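What follows is a set of notes on a single structure, which appears directly below.
The values are calculated or read from the model by the stated rules, or taken from the named source; none is laboratory data. Remember, it's a predicted structure, so these values are computed and weren't measured experimentally. In this analysis, Cβ positions are derived from the backbone assuming ideal geometry, glycine residues included, and neighbour counts consider all displayed protein chains. For accessibility, only protein heavy atoms count, side chains too; no ligands or nucleic acids. Shrake-Rupley method; radii C 1.70, N 1.55, O 1.52, S 1.80 Å.
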Amino acid sequence: MECENTMPDNVFKLRARVAGAEHVEMQMKTDGYMTAWMLYQLQGDEEAGKALISEDAEILSNSNWQDIEKNR
């Protein structure tokens, strides 16, 4: 995405799509990881961050998600 490319590399970036979901279904199916993202980013919750950060982040092995790109 163009806006992602304008963000500096020191900013944690993650992009992923829910597998098989239509656009209108996205909000209902992304709540868990969106909550983890906000807890990590806004409150510094390292436990929530484990779902998204590192080479063995939970999202990477979740078959409900596809096209995952991240820089941490």
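What the table shows:
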{"quantity": "Given (1) more than 10 Å from the chain's Cα centre (by Cα); (2) free of Cβ contacts under 8 Å to residues at least 24 places away in the same chain, index of the condition residue 30 fails", "calculated": "(1)"}
{"quantity": "Answer residue from the stretch 47-72, given it is in contact (Cβ under 8 Å) with a residue 12 or more places away in the chain and among the aliphatic types (A, V, I, L, M) and is surrounded by the fewest Cβ atoms within 10 Å (Cβ to Cβ) among those", "calculated": "68"}
{"quantity": "Hey, residue 29 at pLDDT below 90, among the basic types (Lys, Arg) and touching a strand residue (DSSP E or B) at 6+ places or on another chain (Cβ under 9 Å) or not", "calculated": "yes"}
{"quantity": "Matching residues, the stretch 7-39, being under 13 Å from residue 71 (Cβ atoms), open to solvent by 70 Å² or more (accessible area, probe 1.4 Å) and either charged (D, E, K, R) or not in a loop (DSSP other than H, G, I, E, B) (or both)", "calculated": "9"}
{"quantity": "Odd one out for residue 55 among (1) modelled with pLDDT of 90 or more; (2) assigned to a helix (DSSP H, G or I)", "calculated": "(2)"}
